Each structure stands twice: as structure tokens, then as C-alpha cells.
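Chemist: The structure's right below; bear with me while I get my questions together.
The values are calculated or read from the model by the stated rules, or taken from the named source; none is laboratory data. In this text the structure is predicted, and so the values were computed from the model without any measurement. Quick reminder, even Gly has a Cβ in these numbers, built from the backbone with ideal geometry, and neighbours come from all protein chains shown.
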Amino acid sequence: MNYILTSAFVRKFDSYSLKIQGLTFRAVERIKNYLETGQAPYGLRVKKLSKKIYEARITIALWIAFLWKIIQPSFFALATMTTSKGV
């Protein structure tokens, strides 16, 4: 299965420390596995936000949002608690 990492996602990823990038990379791999098998590890905490939009927690303050399309899922947001307040 092919996946899309939007330019906004990549820019945000690049702005984080290597430690956070490593956690994010592992979470993306786990999400890919979830999309292919339907089984998510408990710690990933995948949550449906709307019909096709989901989020997954990386840490207590960091999460990924993705659009689940059958042909090509898209990772489009990477946010922390501090960047999402007031949204």
C-alpha cells in the first residue's frame, strides 16, 4: 500500500528533535501496520474523528492525524498540545 506524507506533515516532522522524530517514525510504521491488518497496539490509541479522519497518539502531548482512503492513506497533521490550543 502506498502512503502520502503531506508537505505540512514533513515540515512539522523536520522541526522536531531527533528523539521526537524517532517516536513519530515508529508511530507512522505502527499506523501503516494498523491500516494493513486492522490491528493496532493499545499504546497507539487510534481514534476516529470523522468518517475518514483518524488520529493516533504518539505521546501524551503529541499525535498524528491521517485520512484513511482505501487506495492511498494520507498523513496530514502532526501536532503537540501547545500547537493545538485554541483550534
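Chemist: Which condition from (1) among the hydroxyl-bearing types (Ser, Thr, Tyr); (2) modelled with pLDDT of 90 or more; (3) in contact with a helix residue (DSSP H, G or I) (Cβ under 9 Å, 6 or more places away or on another chain) is the one that Ser17 breaks?
Modeler: (3)
Chemist: For the stretch 48-63, enumerate the residues that are out of contact with any Lys or Arg (no Cβ under 9 Å at 6 or more places or on another chain) and outside any strand (DSSP E or B).
Modeler: Of everything in the stretch 48-63, those that are out of contact with any Lys or Arg (no Cβ under 9 Å at 6 or more places or on another chain) and outside any strand (DSSP E or B) turn out to be Leu49, Ser50, Lys51, Ile60, Ala61.
Chemist: For Ser50, all conditions in the list (1) of a type in the set (Gly, Ala, Ser); (2) surrounded by 12 or more Cβ atoms within 10 Å (Cβ to Cβ); (3) farther than 12 Å from Ala79 by Cα hold save one; what is the number of the exception?
Modeler: All conditions are met except number (2).
Chemist: Looking only at the stretch 4-17, filter to residues that are more than 13 Å from Ala27 (Cβ to Cβ) and either of a type in the set (Asp, Glu) or in contact (Cβ under 8 Å) with a residue 40 or more places away in the chain (or both); which one of those is surrounded by the fewest Cβ atoms within 10 Å (Cβ to Cβ)?
Modeler: Ranking the qualifying residues of the stretch 4-17, first place goes to Asp14.
Chemist: If Ile58 satisfies all but one of (1) closer than 19 Å to Val10 by Cβ; (2) among the β-branched types (Val, Ile, Thr); (3) modelled with pLDDT under 80, what's the number of the condition it fails?
Modeler: So the condition that Ile58 fails would be (3).
Chemist: Is it true that some residue in the stretch 25-43 is assigned to a strand (DSSP E or B) and among the β-branched types (Val, Ile, Thr)? Walk me through it before giving the result.
Modeler: The initial filter retains those residues of the stretch 25-43 that are assigned to a strand (DSSP E or B), namely none.
No - not one qualifying residue is present in the stretch 25-43.
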